[in-house]
Amino acid sequence: MTTIESEIVSSDARLRLRLAGIADEPFLRDLFKSVKGAQLVTGGLPPAMLELVLAQQYHAQVAGYAAQCPEARSLIILRDGAPVGRLLLDRGASRWHVVDLALLPGARNAGVGREIMQAVAAAAREQGAEVLSLAVATANEDAARFYARLGFLDVTDGATASHRKMELALAR
């Protein structure tokens, strides 16, 4: 029996995925803080208030993703055996959906995201999926440019005021 980690394989031997477990909770919280904290720190909140807001937002995100995509799998991205990110992936027969991709600051702009997304697209294609989809916050122009460079196109169906929907056709 194959597992999701064995299906999604990066061409970079230093990168691999494994299913997230309970022991990964502190890492996932810290990862969330590294992504969202940088956005919120500009608001000038006192440190204690910032920690409280980040904790509440983390729990809201976890609950929201579980409600919206109950079958999604949380995968830890490892580089040289150390966790550097998380991929939350919802796989269907014809469509795979990237619910979330987050990387620690030291792993950003280093090819990790590109390698993981290319491996996800290759695995989706191999498993017979026709489309790889995701949503990007409209304010996150860096992420939108990143996905566009990988071949993702904006799709108006499913887009909202806060998020743009992007898809990659997986031609055989």
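The values are calculated or read from the model by the stated rules, or taken from the named source; none is laboratory data. Nothing here was measured: the structure is a model prediction, and the numbers come from that model. Here Cβ is always computed from backbone atoms with ideal geometry, including for glycine, and neighbour counts include all displayed protein chains. To get the accessible areas, we keep the full protein, side chains included, count just its heavy atoms, and leave off ligands, DNA and RNA. Shrake-Rupley method; radii C 1.70, N 1.55, O 1.52, S 1.80 Å.
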**Report entry** Any hit, region 145-157, residues being at positive phi and open to solvent by 50 Å² or more (accessible area, probe 1.4 Å)
**Finding:** no
Query raised in the report: Given (1) modelled with pLDDT of 95 or more; (2) loosely packed, with under 13 Cβ neighbours inside 10 Å; (3) within 19 Å of W96 (Cα to Cα), where does I77 come up short, assuming only one miss?
Result: (2)
Query raised in the report: Which condition number in (1) under 21 Å from P105 (Cα atoms); (2) touching a Lys or Arg at 6+ places or on another chain (Cβ under 8 Å) is the one that G85 fails?
Result: (2)
Query raised in the report: Can you tell me which residue in region 125-157 is farthest from L168 (Cα to Cα), limited to those that are among the hydrophobic types (A, V, I, L, M, F, W, C) and in a helix (DSSP H, G or I)?
Result: A143
Report task. Would you mind finding the one in V136, V112, V98 that is open to solvent by less than 20 Å² (accessible area, probe 1.4 Å) and either over 17 Å from the mean Cα position of the chain (by Cα) or over 20 Å from H163 (Cα atoms) (or both)? Result -> V112
Requested in this report: Return a yes/no flag: does region 97-111 have any residue that is farther than 30 Å from A171 by Cα and out of contact with any helix residue (DSSP H, G or I) (no Cβ under 8 Å at 6 or more places or on another chain).
Outcome: yes
Report task. Could you grab me the full set of residues in region 26-47 that are at pLDDT 85 or above and surrounded by fewer than 12 Cβ atoms within 10 Å (Cβ to Cβ)? Result -> P26
